[in-house]
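Here the structure comes first, spelled out in structure tokens, and everything after it is commentary.
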Amino acid sequence: MKFTSRLFIAILSVCLTACIDNYDPKLTGGKPKIVFEGILTDQAIPQYFQLSFSAGYNSKESVFDKFVNAAKVWITDEKNVRIDLIDLNKGQFSTPEGFRGQVGKTYQVHIQLSDGTSYASKAETMRYSPPIDKVYTEFKLTTTLQPKYRGNFNVYLDVKDPATEGDFYRWKWSHYEKANFCAAYVVNGEGSLSYKKCCGDCWNVNTCLGCIILASDNFVNGKTLPRQYIAQIPFDNITSYYMLIEQMSLSREAYNFWKSVDEQANNSGGIFDTAPATIRGNIKNVNDETDGMLGYFQVSAVTQKVVYIQRNNIGIIPFGFYVGGNYNYLSECEECKESPYRTAKRPLNWID
């Protein structure tokens, strides 16, 4: 009897398993949207803008090679003076030499696609960005593994807010350090690497990708915005840490846009989180208000401050620290190639 019961259960299990089909919800992405990236500032340097296509939900396509080609992009001010941007191919455009934004002036970006479809942003006025008063750090020990330690330097700044109401801020930062090499090779099929030194000065660039650091003067108008958290720097060496901080002025609309992006990017998935939704930018089809680009045409004055964070006055040795590096250098050198992660341009206030 027991054998018969077990056989019946086994047969039933096989039948139930055979009746289960994989469910494919067949989710498909919608029509790709155009993504605009770029900031117009008052800095006397070329400024770059990017037009690309988004990827739909559940899409396996890469978004890194989906550029908007053959478009025309230009900027106008409040007097309707037109500045045509230079097409650099692959959806990238730059301002012409000598052009930069000016505090107090109002700007719009205009985009015409190859099929004649035209887009324009809302007008954005460039607001003043005050000087950064001071930058300071606090060291936090994270372990007590003797004789070497782990820890971080929390970086803060203070800024004196102007007397005008409705001032909004965004901060970015970059770290530069001299490159030990400009190319790495596996020689003769061996497992070890060999390196080529840079032919000239070259710096590696590290930025906090995706960091959105914002503040407003809602509660401190005309006073000091104290202790604005900027970054966390690792205690992994005893050398000084070069840091370039950029403070950008924002309009109220730009502040609300980036705040929404930050909130959605940092949703924890809890029941009280705001449901994900498309965040509307400020660039719309001139003939169809419902057709908008993703992204935001931001207009900002920029204040820069360079600091060297001293990491040799803690009195302890960082975990994993060692002096020097064993590089097997080849006789030839390699040119320093410009990229978002490497540059041959001397950083602001760099000290050798």
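The values are calculated or read from the model by the stated rules, or taken from the named source; none is laboratory data. All of these numbers come straight from a predicted model, not from anything done at the bench. Neighbour counts run over all protein chains shown; Cβ positions are idealised from the backbone, glycine included.
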Which numbered condition in (1) touching a Phe, Trp or Tyr at 6+ places or on another chain (Cβ under 7 Å); (2) of a type in the set (S, T, N, Q); (3) loosely packed, with under 15 Cβ neighbours inside 10 Å is the only one that residue 121 fails? (3)
Please enumerate the residues belonging to the stretch 214-234 that are more than 16 Å from residue 171 (Cα to Cα), part of a loop (DSSP other than H, G, I, E, B) and either touching a residue at least 24 places away in the same chain (Cβ under 8 Å) or not aromatic (Phe, Trp, Tyr) (or both). 218, 220, 221, 222, 223
Selection status of residue 303, within 24 Å of residue 132 (Cα to Cα), of a type in the set (S, T, N, Q) and either out of contact with any Cys (no Cβ under 7 Å at 6 or more places or on another chain) or modelled with pLDDT of 95 or more (or both): yes
Could you say whether any residue in the stretch 136-151 is under 28 Å from residue 339 (Cβ atoms), crowded, with 17+ Cβ neighbours inside 10 Å and touching a residue at least 12 places away in the same chain (Cβ under 8 Å)? no
Sort out which residues of the stretch 164-213 are part of a loop (DSSP other than H, G, I, E, B), under 22 Å from residue 134 (Cβ atoms) and at pLDDT 95 or above, and write them in order of number. 167
Within the stretch 103-118, how many residues turn out to be of a type in the set (S, T, N, Q) and surrounded by fewer than 12 Cβ atoms within 10 Å (Cβ to Cβ)? 1
For the stretch 281-352, list the strands (runs of 3 or more DSSP E) that sit wholly inside it and hold at least 2 residues that are loosely packed, with under 13 Cβ neighbours inside 10 Å and in contact (Cβ under 8 Å) with a residue 60 or more places away in the chain; which are they? 329-334
